[in-house]
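Heads up, the thing below is written out as structure tokens.
Read the figures in this text as sums done on the coordinates, not as results from a lab. Owing to the predicted nature of the structure, the values given are computational and were not obtained by experimental measurement. Cβ coordinates were reconstructed from backbone atoms using ideal geometry, including for glycine residues, and neighbour counts include every protein chain displayed.
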Amino acid sequence: MCGIVGAVAQRNVEGILLEGLRRLEYRGYDSAGMAVLNAAGELQRRRALGKVAALEAMLEEAALPGRCGIAHTRWATHGKPSEENAHPHQSGNRLALVHNGIIENHEPLRRELEADGYAFSSQTDTEVVAHLLEREYRHGDGLLAAVQRGLAQLEGAYALAVVHADEPNVVVGARKGSPLVVGAGIDEAFLGSDPLALLQVTDRFIYLQEGDVVRLADGGKIEIFDAEGQAVQRPIQTFEHGDGAASKGEYRHFMQKEIFEQPAVIAAALEGRLGERSVPSECFGPDAEALFSRVEQLHIVACGTSYHAGLVARYWLERYAGIPVQVEVASEYRYRTVVVPDNTLFVTLSQSGETADTLAALRFAREQGYLGSLAICNVPGSSLVRESDLTLMTQAGPEIGVASTKAFTTQLTALMLFTLALGRVKGLDAETQAEVVAGLRALPQLVSRVLELDDAIESLSTEFAEKHHALFLGRGAHFPIALEGALKLKEISYIHAEAYPAGELKHGPLALVDSEMPVVSVAPNDELLDKLKSNLQEVRARGGELFVFADERVGIEAQEGVRVLSLPHVHDALAPILYTVPLQLLSYHVAVLKGTDVDQPRNLAKSVTVE
């Protein structure tokens with residue numbers, strides 16, 4: 001959530017900071033601000049409620065030239081969205097700070113600082129940190145030492161960037177539980193909560209580890225200290241995706257672009273990971289084979305869309321690997337008594353690798369006696385990847401739209417690779433492995449064929465634009481796909497949508513069905529097809545309007561009250577991946593018709609780094 005940009009350069013940084021904020025708009029925010037140290041060593045600040053464009057307009061009226069500064073987009077946690085609560089926050093006119101995360105002990109610290117004479121102008125936990133660091137700075141041994149002492153008094157999660165007028169060419173950053181990267185330029189250095197913010201100036205990044213503090217200084221000097229205060233070296237990594245990843249290109253929205261990138265990114269997720277007739281365990285690391293041979297149970301933990309991917313994987317893993325699987329919402333998992341059977345592998349799913357609840361679950365799981373941990377993730381340098389025993393990168397590339405699309409289908413692709421690798425170790429027959437591997441090879445082309453139905457799906461979307469509710473149905477592994485379809489519709493079009501297993505209709509949801517309740521169903525050609533057809537008849541008998549995405553071979557025909565869109569035939573195990581795509585397109589076109597903010601839906605953020 002929230003976005004941080006910082007810079008120490010040989011040039012004016014105002015434009016760099018502003019462009020960095022634009023590139024972080026996808027994360028979700030309600031205000032934006034910037035603080036720069038000018039040539040006279042004065043700290044100057046601008047803050048604006050609303051979009052980055054409002055801050056830009058303010059800067060056109062009153063610029064902030066300088067070679068050192070910090071900037072921020074805020075997603076409200078403590079205190080309503082307002083200019084007073086926007087970042088950067090200052091302590092006096094010398095120190096300014098931006099912050100992502102939540103400081104859990106801000107209330108006692110606020111009382112302590114008020115007793116010391118500090119006056120507060122906001123409701124935020126961040127202003128507490130600003131005054132705390134200013135108090136520590138009075139000891140006189142520099143900004144780095146002040147930050148290190150101040151951090152020792154904080155409880156909670158944070159990524160910070162701090163400047164002080166007494167050190168006009170220095171930015172100090174720190175991270176604990178919230179992502180922060182260093183961008184290494186030529187005689188200049190940068191901070192960002194996401195590499196995308198800094199691709200305008202560098203493609204070389206240092207991913208700070210938990211507890212790290214960094215000091216950026218004139219001439220591109222970068223000093224990093226670990227949680228114990230010891231100087232350390234962290235590797236510089238070259239960003240793998242071009243600067244164009246942060247551009248919409250020919251598309252109207254990032255979400256539309258990312259939907260249409262799915263054939264390419266699914267192919268990338270498969271590249272180098274398919275044997276001729278099986279999936280080698282080495283894809284997951286050199287020790288994966290030995291670990292997989294000991295696995296007797298799986299616990300999958302994730303949030304949101306990633307949780308839906310885990311629900312699909314449960315069907316696959318129990319079918320092909322023959323071991324029991326438990327799937328849990330990360331925000332619930334660590335707040336209950338967890339029973340961990342012997343030889344259970346802990347699996348986490350996350351697009352960003354910085355999702356606060358998922359990271360907390362992984363850290364909690366370390367103390368629970370699991371056999372090991374596996375992370376399926378999209379960001380190589382993320383905390384989740386670094387802290388897991390085994391990893392598999394989804395290769396989706398940067399996903400800018402808040403509503404996840406290509407990250408979800410590549411997670412599913414990665415989970416099928418995991419299923420086949422684990423299944424092979426557990427004795428899955430070679431013929432079945434070969435069939436699914438062949439299906440995976442064909443999958444990118446089949447997704448391309450579904451995308452060719454875009455115009456037809458856009459036509460269907462007109463039936464939803466004036467509706468207030470929708471019902472999604474699926475059976476088996478397609479129930480989680482129905483959940484995902486409903487989530488997409490509600491996220492970006494603000495239509496209330498629910499999903500149910502189709503067999504549960506008669507246990508309650510049928511009471512909602514009438515001509516004003518569109519019912520969306522996915523109908524792949526699998527063993528549950530006949531039962532699904534019966535469920536659809538239950539809807540028609542109550543006057544419900546059906547929208548069916550069906551395998552071209554199943555023989556469901558359009559009729560009054562039943563709209564049918566035929567999809568190419570696919571291996572039944574891989575159908576959940578394919579059937580996700582038309583539901584994404586449907587939600588996208590409905591949102592466009594309703595005029596909502598497709599890429600940045602209200603009240604939501606991309607990377608949820610607070611609990």
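Relative to the dominant Cα principal axis of the chain, helix 406-425 is inclined by about 70°. With both labels modelled 7 Å from their Cα along Cα-to-Cβ, the H469 to L593 distance reads 1.9 nm.
Taking every DSSP helix (H) stretch of at least 4 residues in the chain, weighting each as -39,500 (n - 2.57) and dividing the sum by the residue count yields a mean residue ellipticity at 222 nm of -10500 deg cm²/dmol. Subtracting the Cα-Cα distance of D287 and E210 from 0.36 nm times their residue separation leaves 25.2 nm of extension gain.
How many angstrom separate the Cα center of the stretch 1-69 from the Cα center of the stretch 158-190? So the two Cα centres are separated by 14 Å. Among the GluC sites (Glu not before Pro) found in the stretch 160-266, those both in a DSSP coil and sparsely packed, with 16 or fewer other Cβ atoms within 10 Å of their Cβ, are E210, E228, E240, E250.
From most to least packed by mean Cβ count within 10 Å, the peptides 479-492, 325-338 give 479-492, 325-338. Dipole check for the stretch 269-378: with +1 at the C-beta of Lys and Arg, -1 at the C-beta of Asp and Glu, and the Cα centre as origin, the magnitude is about 180 Debye.
Does the chain classify as rounded, prolate or oblate by the C-alpha gyration tensor (a ≥ b ≥ c root eigenvalues; a/c under 1.5 gives rounded; else a/b over b/c gives prolate, otherwise oblate)? It comes out prolate by the Cα gyration axes.
Rounded, prolate or oblate, given the Cα gyration tensor of the stretch 208-366, with a/c below 1.5 counting as rounded?
Oblate shape, in that a/c is at least 1.5 and b/c is the bigger or equal ratio.
Based on C-alpha pairs under 8 angstrom that are at least 6 apart in sequence, the stretch 254-594 has a relative contact order of 19 percent. In the stretch 3-238, Cα pairs under 8 Å separated by at least six residues give a relative contact order of 21 percent. Here the spin labels are modelled as points 7 Å beyond Cα on the Cα-Cβ line, and at E84 and H507 they lie 5.1 nm apart. Once the Cα-Cα distance is subtracted from the 0.36 nm per residue extended length, the S448 to R553 segment shows a gain of 35.9 nm.
The angle between the Cα long axis of helix 126-137 and the main principal axis of the chain comes to about 40°, on a 0 to 90 degree scale. What shape does the stretch 254-594 take by its C-alpha gyration tensor, where a ≥ b ≥ c are the square roots of the eigenvalues and a/c under 1.5 counts as rounded, a/b above b/c as prolate, and the rest as oblate? Since a/c reaches 1.5 and a/b is larger than b/c, the shape of the stretch 254-594 is classed as prolate. Pairs from the list K51/K488; K248/K594; K51/K257; K80/K406; K80/K467 with a Cα-Cα gap above 28 Å: K80/K406; K80/K467. Sum up the charges of everything whose Cβ sits under 11 Å from the Cβ of A321, counting Lys and Arg as +1 and Asp and Glu as -1, but leave A321 out. Net charge in that neighbourhood comes out at +2. Here the gap between K426 and R363, fully extended at 0.36 nm per residue and compared with their Cα-Cα distance, gives a gain of 19.9 nm.
This model, with +1 at the C-beta of Lys and Arg and -1 at the C-beta of Asp and Glu, gives the stretch 254-303 a dipole about its Cα centre of some 120 debye.
Against the chain, whose longest principal axis comes from its Cα atoms, helix 478-493 is set at around 50 degrees.
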